[in-house]
Amino acid sequence: MIREIDALTDSRWPSFLRRNPVASVFHTRGWLEAVRMTHGYQLRALSISAPDGNIQSAAVFCRVSSRLTGRRLISVPYSAHCDPLVASAADFQSLLLAFEEWAQQEGCKYVELRPASALPLIQSEWKRSQEFYLHRLDLRAEADSVFRDSHRDCIERRTRHAEKAGGQYQRRK
């Protein structure tokens, strides 16, 4: 059964994120709370629970309303991406259908997903409206290695300029 939950207060949310390999910083309570406090958006999730009561699949969304774009549901604004966290293609399909119904009831013009990866083919009227680039940087390597592997004009030159200007950085573990 699909239920609307509050990811900020539902006690199952943190353990659900730990179990899900696709979960990112943009799904965490800290990020969601920062978006809520900064922009005033109401963050909710549609979820599917497993027989044991744990969250099996979920997708986080905000209700957003503006004069320019109207009412819409967005998978966490001000986030580079925010994938639906689904256990199966069937769960994904069920969540999309629920979002279509939810958007219609809310009087929304559209629903916007911001996945980091390609989504499976679905039986729905959803369509791709825009594409974007997602840049990833593996920070597990040593700082010197990350710096050497960076784009010379975009990163190295600007970093050297910042160092000459007195800029500093701290490495934390």
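The values are calculated or read from the model by the stated rules, or taken from the named source; none is laboratory data. If you're wondering where the values come from, they're calculated on a predicted model, not measured in any experiment. Please note: Cβ atoms are built from the backbone with ideal geometry, for glycine as well, and neighbour counts cover all protein chains shown.
Determine, yes or no, whether R3 is in a strand (DSSP E or B), touching a residue at least 24 places away in the same chain (Cβ under 8 Å) and of a type in the set (D, E, K, R). For R3, the condition - in a strand (DSSP E or B), touching a residue at least 24 places away in the same chain (Cβ under 8 Å) and of a type in the set (D, E, K, R) - is met.
Considering segment 1-44, the residues that are under 19 Å from L96 (Cβ atoms) and surrounded by fewer than 16 Cβ atoms within 10 Å (Cβ to Cβ) include one that is modelled with the lowest pLDDT, namely M1.
Determine if segment 38-54 includes at least one residue that is in contact with a His (Cβ under 8 Å, 6 or more places away or on another chain) and within 18 Å of N20 (Cα to Cα). No - not one qualifying residue is present in segment 38-54. Among the residues of segment 83-120, those that are farther than 20 Å from L32 by Cα, under 16 Å from the mean Cα position of the chain (by Cα) and not in a helix (DSSP H, G or I) comprise S117, A118, L119.
In segment 53-82, the qualifying residues are those that are more than 15 Å from the chain's Cα centre (by Cα) and modelled with pLDDT of 90 or more, and the one that is surrounded by the most Cβ atoms within 10 Å (Cβ to Cβ) is I55.
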